[in-house]
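A short write-up of the structure that comes next.
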Amino acid sequence: QGRVWIYLDRDGRTAYDFTDSRSQDGPLQWLKGFKGYMHADAYPGYDAAYVPDGAIEVACWAHARRKFVDAERSEPDLAAEILSRIRDLYAIERAAKDAELTDQKRYELRQEKAPPILEGLRARLAAMETQALPKSPLGKAIGYAQRQWTALCRYIEDGRLEIDNNAAERGLRGFAVGRKNWLFFQREGGGRTAAILASLLATA
């Protein structure tokens, strides 16, 4: 039941940590004293880091989108509508990247284009909530997005921020692919060794 955690910055500097469990103790030790924006998934263990003068939560639209993809099987039309609106948000990000905008220019583009899309998306989520069973895939997707809404919208506050946490997801792919081969490395103390070596390799 060991876990590997990733910590990285926008310059690509990467560090991995290994813990014996999914307890919040490991991440909170790493994040102790951290101040500023922090991209992360919605793992509740991070909540204790989001305190005044501490970390500021920036949620991940890729995680929110994934839940609506899952809901397409049972509610194809409603889920597809939300996915289309999320696609419009990502189109803004692609335009900024293609134009190689500075952080400040990306912030300005988002402030111009994103708020109307976000407002419309939030209104549709509220309307759909009355049509979806709370425990259905669509109901769960709507609930997730609504609970995370403030953090999901935070990326438009600063041009340095990303719309999703995919950089961390990509950084963990090697461990996800290899974990069957490394199933028992925890018993030999290999988990922490692997985390150290992976940190050096990822950053080199």
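The values are calculated or read from the model by the stated rules, or taken from the named source; none is laboratory data. Given the structure is predicted, the values throughout are model-derived calculations rather than measurements. Neighbour counts run over all protein chains shown; Cβ positions are idealised from the backbone, glycine included. For the accessible areas, the whole protein counts, side chains as well, though only heavy atoms, and no ligand, DNA or RNA atoms are used. Shrake-Rupley method; radii C 1.70, N 1.55, O 1.52, S 1.80 Å.
Computed quantities for the displayed model
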| quantity | calculated |
| --- | --- |
| Rounded to 5, percent antiparallel among DSSP beta bridges of the chain | 60 percent |
| Whichever lysines have a C-alpha closer than 21 Å to that of K105, once near sequence neighbours (fewer than 8 apart) are set aside | K97, K113 |
| In nm, spacing of pseudo-spin labels at E157 and L28 (7 Å Cα→C-beta vector) | 2.3 nm |
| Anchor K140: aspartates and glutamates whose Cα lies under 18 Å away (excluding residues fewer than 8 positions away in-chain) | D41, D70, E72, E75, D77, E81, E129 |
| Solvent exposure, largest accessible area first (probe 1.4 Å, DNA, RNA and ligands not counted), of V4, V177, V51 | V177, V51, V4 |
| Computed magnitude of the charge dipole of the chain (debye, nearest 20; Cβ of K, R +1, Cβ of D, E -1) | 520 debye |
| Solvent-accessible area of W30 with every protein chain in place, 1.4 Å probe, in Å² to the nearest 10 | 120 Å² |
| Value of [θ]222 nm, deg cm²/dmol, for the chain, DSSP H segments ≥ 4, -39500 (n - 2.57) each, nearest 500 | -17000 deg cm²/dmol |
| Accessible surface ranking that places the most exposed of L200, L8 first, with a 1.4 angstrom probe | L200, L8 |
| Computed P(r) (all Cα pairs; the chain; 10 Å bins; percent) | 8, 29, 32, 24, 7, 0 |
| Residue among A79, G45, A195 farthest towards the positive dipole end of the chain, charges placed on Cβ | A195 |
| Solvent-accessible surface (1.4 angstrom probe) belonging to K35, in square angstrom, nearest 10 | 140 Å² |
